[in-house]
Amino acid sequence: MKVNLFIPTLNAGPIWKEVLDGVAKQNYPISRLVIIDSGSTDGTLDLINEKACDLIQIDKKDFDHGGTRQMAAERYSDADIFVFLTQDAILAKPNAIEVMVQAIEENSELGMVYGRQLPHKNAKVLETHARLFNYPAESKVKSLEDADRYGIKTISCSNSFAAYRKTAFFEVGGFPVGSILGEDVLIAGKMLLNGWKMAYLSASKIHHSHDYSATEEFKRYFDIGVFHVNNQWIFENFGRAESEGFKYLKSELTYTFKHNPLLIPKCLIATGAKLVGYKLGLNYLSLPVGLRKSFSMTKAYWSRT
Amino acid sequence: MIKSLSLFLMLLLTLPVIGICQADSLKEGKRLNVIELGVSANATSDQTEAIQQIIDKASEGDTVFFPEGQYLIRTILLRTGINLLSQGTINHHDSAKDGEFSIEKQNSPNPLILGQEVSNLSISLNGESKNEGIYLLKSQNIRIYNTELTGDSTKLRAYPGIMTFQCSGVEIANTRIHHFGMPRRETDSYQPGTGIRILSSNTISIHDSEVYKNGENGIFIYGSRKVEVINNVIRHNGMSAIQVAFGDSGKEKDYTFSYNILEENASDAIDINNRSKEKAKDIECIIIENITCGNGFVKGESTPDGSGIATLINVSNVLLYNNEAYRNNRPAIYIESCGLIMAKENWADNQVEITLDLEELHLVKNRFSSINLIANTKAQKIKLSYNELGSLSLPNGIQVNEFLVENNSFSNGSFNFNLKGQMHLSANKIKNTSTNPAILIVNADDAYIEDNEIESLHASAIVLRKTAKNVHIIHNQIHSFNTAIFDDSSKNLAVKDNTLKSIAGGEENQTFRTHFPDHLTMEGNEHIGIANSTAVLFVGKGKASVKNEKITLGEAYYGEVEIDD
């Protein structure tokens with residue numbers, strides 16, 4: 001199966017070289033490497049060989065998580081599988097993409113697969129926990145029938161590293177345009193509603209984690225609140241999984257206590273910041289327009305809306 | 001709330017993360033025990049050279065460790081990647097040069113710890129300094145944790161406990177900084193000596209720390225971007241707990257001041273003061289869940305400052321959410337020449353003050369004693385909704401182009417609308433216990449008073465002067481002493497579908513009275529006046545349209561007014 005790999009970039013920073021090295025080491029042939037750059041000024045484009053990849057350059061203000069990826073997939077659709085990677089995700093092993101292709105080849109019901117995210121080397125306690133909790137060692141195939149059991153977590157996935165079967169991708173209309181975030185969760189939801197399955201592949205690994213400050217957590221969860229308000233349909237179809245959230249908080253506190261008790265306050269504060277951000281995001285329509293952009297991590301979204 | 005909490009907890013793990021990646025590049029290395037390497041603890045001699053040699057010879061990732069004891073030094077110079085960890089106390093030796101802080105010379109000849117153009121290191125120590133505790137210059141990725149820095153509390157012009165200049169990525173955690181400078185002596189002046197001084201820096205996090213009893217501000221931030229001050233106790237400092245000042249770089253943006261206790265500081269809890277002559281600066285600032293108490297006093301005497309939640313001058317895009325303020329000297333929130341400000345779900349035992357220019361203010365679900373617009377206020381938009389308020393003070397001559405007062409409760413509502421602009425007062429509960437009208441409209445154009453419950457116990461509920469025009473009083477429940485609505489010939493007044501009930505005992509007991517009506521419209525109102533008294537009284541000549549009025553108790557007298565029914 002032919003694979004096109006898409007990576008959106010904007011000032012990818014020092015980690016970018018490692019990301020490209022990880023791509024270069026892949027043992028499965030990549031038909032096209034498509035870079036969609038939103039106006040990097042830090043030399044990101046200097047590290048890529050324009051002859052060996054397809055470069056799409058867009059204005060920073062036009063970047064849209066779903067829309068930009070969709071545009072790239074439509075422009076370079078000459079593959080059977082579209083793989084998406086983010087600029088700060090390092091492919092952990094040479095077989096990362098091969099594992100994905102193999103899964104899609106072997107199971108014709110799979111519409112999409114996503115990989116395991118390990119913390120970056122030297123990641124801090126909280127970001128390490130986030131990855132270990134959300135990306136366990138066991139692989140899993142999920143379908144609409146699992147919604148009763150896992151609720152919204154059924155369609156949990158990430159475009160930090162995910163692969164889509166082209167036919168399934170276009171059958172559901174590709175990524176939604178104009179969503180503040182969560183284009184991956186939305187397309188996964190549509191696929192499952194259309195009868196496709198999705199798989200979490202723990203053997204396909206990347207290093208990808210974030211040490212968010214409380215401010216960044218606040219802004220990120222503000223965006224998640226906005227996402228929630230604007231995409232009620234996924235909750236209506238996949239329900240909820242409240243107990244998982246409590247489990248996460250408990251697990252985070254336990255993990256933090258074991259590895260660095262001094263971070264317990266930070267852990268709780270980060271949770272407090274998330275909650276406040278999320279509540280405000282849920283009520284974003286009642287906020288003055290000028291403040292919505294201020295509270296958001298996705299500034300470009302508000303310039304468009 | 002429970003629903004949103006549940007969804008929030010679920011989303012803690014559901015959605016993908018896309019953001020800025022911050023690598024922690026601190027490497028594991030050797031632990032270098034200074035005693036084993038020739039440094040003398042508890043000696044009276046200067047140990048600077050011996051310690052510095054160890055630091056200079058260490059490799060990146062190593063930790064220079066100070067066992068229990070006291071180490072006397074002049075200044076230790078940090079090196080990239082070399083961590084300091086002390087169980088003992090690092091103090092200034094007598095030979096360290098002393099200095100005095102001045103605006104021209106803000107750093108001393110001998111800070112206790114000096115980092116210049118260093119990066120990727122951590123510091124954890126107890127230190128006593130007669131100058132700065134830690135001075136970081138042009139440095140990056142520095143972590144100060146489990147540290148206690150004690151200054152010289154006898155010094156009149158002290159240096160800060162920690163100072164950063166042109167730094168980025170500095171974290172100060174679980175740290176105590178105190179006694180840098182003499183306690184403030186006067187209510188109208190202060191002496192230098194800041195706990196933490198952040199100058200022209202970015203990406204600074206100060207959390208889980210205690211900053212107290214310093215001469216000036218607890219934390220001072222100047223010309224800096226992306227600063228968070230979270231979960232600290234900042235108390236008994238000689239100026240504000242947190243002050244943000246502005247240079248001309250334009251970089252001041254992205255601030256979070258949250259979950260702090262800000263107590264007994266001599267000035268404001270949080271002072272954000274942009275004295276630039278340019279228009280209000282967008283600073284993207286969130287001020288959340290702080291608790292403040294007793295700020296703005298020196299030895300029990302009031303200083304000119306002491307706002308409880310924040311003083312905001314010439315800034316925009318600020319959110320104040322769920323803060324609590326008690327017994328502070330000045331208003332809970334002071335807003336001067338600001339752009340877009342939102343205060344939501346705050347609680348304070350005193351008022352909000354607004355003055356000069358204002359672009360847009362939203363006050364939602366707060367509890368304040370009052371909202372006071374000061375003379376010279378020129379606001380584009382003010383929206384008050386779902387607040388619990390004592391009163392609303394509106395002096396003569398202010399301008400509010402769009403004034404929306406919706407769903408609030410006022411325990412002592414007595415409003416004087418003598419302003420330019422559009423006013424909409426709807427669905428409020430207004431109780432007036434004063435002898436002035438609950439609502440006096442002297443100057444207003446296109447004002448709506450709708451769906452309110454107004455109880456005015458000792459004065460008229462609504463009085464309209466001749467200079468008011470196009471006022472619409474619709475569907476209110478009014479229970480009033482004297483005259484419920486008194487119209488002094490305001491033009492195009494419309495009074496519709498109200499229930500007007502008199503409280504007996506006043507000199508006048510009308511539910512509605514007009515003098516020389518100027519195109520008055522009355523329709524569908526119910527009048528519950530006093531038995532055998534005139535409920536509806538028209539005085540003088542004029543024109544009015546009167547339809548479907550229901551006089552339940554009392555009588556109507558239209559006099560010489562030309563009635564169109």
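Some observations on this one:
- Scanning the range B:112-144 for residues that are assigned to a strand (DSSP E or B) and open to solvent by 10 Å² or more (accessible area, probe 1.4 Å) turns up B:114, B:116, B:119, B:120, B:122, B:126, B:128, B:135, B:137, B:140, B:141, B:143.
- Contact map, the range A:285-297: first residue at the interface with chain B (Cβ under 9 Å from one of its Cβ atoms) and touching a residue at least 24 places away in the same chain (Cβ under 8 Å), second residue of a type in the set (A, V, I, L, M, F, W, C) and in a helix (DSSP H, G or I), Cβ cut-off under 7 Å, separation 6 or more or different chains; pairs are A:295/A:222; A:295/A:280.
- Lone unmet requirement of (1) open to solvent by less than 10 Å² (accessible area, probe 1.4 Å); (2) not in a strand (DSSP E or B) for residue B:536: (2)
- Candidates B:519, B:479 - the one that is within 21 Å of residue B:437 (Cβ to Cβ) and assigned to a strand (DSSP E or B): B:479
- The residue that is most open to solvent (accessible area, probe 1.4 Å), counting only those in the range B:212-245 that are aromatic (Phe, Trp, Tyr) and without any contact (Cβ under 8 Å) to a residue 40 or more places away in the chain, is B:222.
- Residue A:153 meets the conditions (1) on the phi > 0 side of the Ramachandran plot; (2) at the interface with chain B (Cβ under 8 Å from one of its Cβ atoms); (3) open to solvent by 20 Å² or more (accessible area, probe 1.4 Å) in every case but one. The failed one is (1).
- Number of residues in the range A:64-80 that are within 15 Å of residue A:38 (Cβ to Cβ) and open to solvent by 30 Å² or more (accessible area, probe 1.4 Å): the value is 1.
- Considering residues of the range A:181-212 that are out of contact with any Ser or Thr (no Cβ under 6 Å at 6 or more places or on another chain) and under 30 Å from residue B:172 (Cα atoms) only, the residue farthest from the other protein chains (Cβ to nearest Cβ): A:207
- Residues of the range B:265-292 classified as outside any strand (DSSP E or B), within 14 Å of chain A (Cβ to nearest Cβ) and of a type outside the set (Gly, Ala, Ser), total: 3
- Candidates B:473, B:441: the one that is of a type outside the set (S, T, N, Q), modelled with pLDDT of 95 or more, part of a strand (DSSP E or B) and crowded, with 24+ Cβ neighbours inside 10 Å is B:473.
- Odd one out for residue A:41 among (1) of a type in the set (S, T, N, Q); (2) outside any strand (DSSP E or B); (3) touching a helix residue (DSSP H, G or I) at 6+ places or on another chain (Cβ under 9 Å): (3)
- Considering the range A:220-230, the residues that are open to solvent by 20 Å² or more (accessible area, probe 1.4 Å) and more than 28 Å from residue A:137 (Cα to Cα) include one that is nearest to the other protein chains (Cβ to nearest Cβ), namely A:229.
- Scanning the range A:75-102 for residues that are of a type in the set (Asp, Glu) and within 14 Å of residue A:118 (Cβ to Cβ) yields a count of 1.
- Here A:43, A:66 are screened, and the one residue that is in the same structural domain as residue A:180 (by TED's automatic domain parsing) and without any contact (Cβ under 8 Å) to a residue 12 or more places away in the chain is A:43.
- Sole exception among (1) in a strand (DSSP E or B); (2) touching a Lys or Arg at 6+ places or on another chain (Cβ under 9 Å); (3) open to solvent by 60 Å² or more (accessible area, probe 1.4 Å); (4) over 30 Å from residue B:315 (Cβ atoms) for residue B:402, by number: (4)
- Criterion (within 14 Å of chain A (Cβ to nearest Cβ) and of a type in the set (Ser, Thr, Tyr)) met by exactly one of B:209, B:302, B:240: B:209
- The one condition from (1) in contact with a Leu (Cβ under 7 Å, 6 or more places away or on another chain); (2) under 15 Å from residue B:172 (Cβ atoms) that residue B:286 does not meet is (2).
- Out of B:87, B:47, sole residue that is more than 40 Å from the chain's Cα centre (by Cα), modelled with pLDDT of 95 or more and polar (S, T, N, Q): B:47
- Just one of the listed residues (A:56, A:30) is aliphatic (A, V, I, L, M), closer than 19 Å to residue A:92 by Cβ and either part of a loop (DSSP other than H, G, I, E, B) or over 20 Å from the mean Cα position of the chain (by Cα) (or both), and it is A:30.
- Among the candidates B:345, B:359, B:353, B:388, the residue that is open to solvent by 30 Å² or more (accessible area, probe 1.4 Å), under 16 Å from the mean Cα position of the chain (by Cα) and farther than 17 Å from residue B:443 by Cβ is uniquely B:345.
- Looking across the range B:37-65, the residues that are assigned to a loop (DSSP other than H, G, I, E, B) and within 16 Å of residue B:113 (Cβ to Cβ) come down to B:39, B:46, B:47, B:58.
- Subset of the range A:195-209 [farther than 25 Å from residue A:167 by Cβ and of a type in the set (D, E, K, R)]: A:205
- Hits in the range B:59-111 - residues which are of a type in the set (Gly, Ala, Ser) and crowded, with 17+ Cβ neighbours inside 10 Å: B:69, B:81, B:86, B:88, B:96, B:99, B:108
- The set of residues in the range B:66-88 that are free of Cβ contacts under 8 Å to residues at least 40 places away in the same chain, closer than 17 Å to residue B:142 by Cα and in a strand (DSSP E or B) comprises B:76, B:77.
Quick grid of which residues meet (1) open to solvent by less than 10 Å² (accessible area, probe 1.4 Å); (2) within 11 Å of chain A (Cβ to nearest Cβ); (3) assigned to a strand (DSSP E or B); (4) over 21 Å from residue B:281 (Cα atoms):
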| position | (1), (2), (3), (4) |
| --- | --- |
| B:308 | yes, no, no, yes |
| B:312 | yes, no, yes, no |
| B:329 | no, no, no, yes |
| B:334 | no, no, yes, no |
| B:338 | yes, no, yes, no |
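- Any pair with Cβ under 7 angstrom, 6 or more apart, that starts in the range A:146-162 at a residue that is assigned by TED's automatic domain parsing to the domain that holds residue A:89 and ends at one that is among the basic types (Lys, Arg) and in a loop (DSSP other than H, G, I, E, B): A:151/A:240; A:152/A:240
The values are calculated or read from the model by the stated rules, or taken from the named source; none is laboratory data. Given the structure is predicted, the values throughout are model-derived calculations rather than measurements. Backbone-built Cβ (ideal geometry, glycine too); neighbour counts: all protein chains shown. Remember, those area values only see protein heavy atoms, side chains included, never the ligands or the DNA or RNA. Shrake-Rupley method; radii C 1.70, N 1.55, O 1.52, S 1.80 Å.
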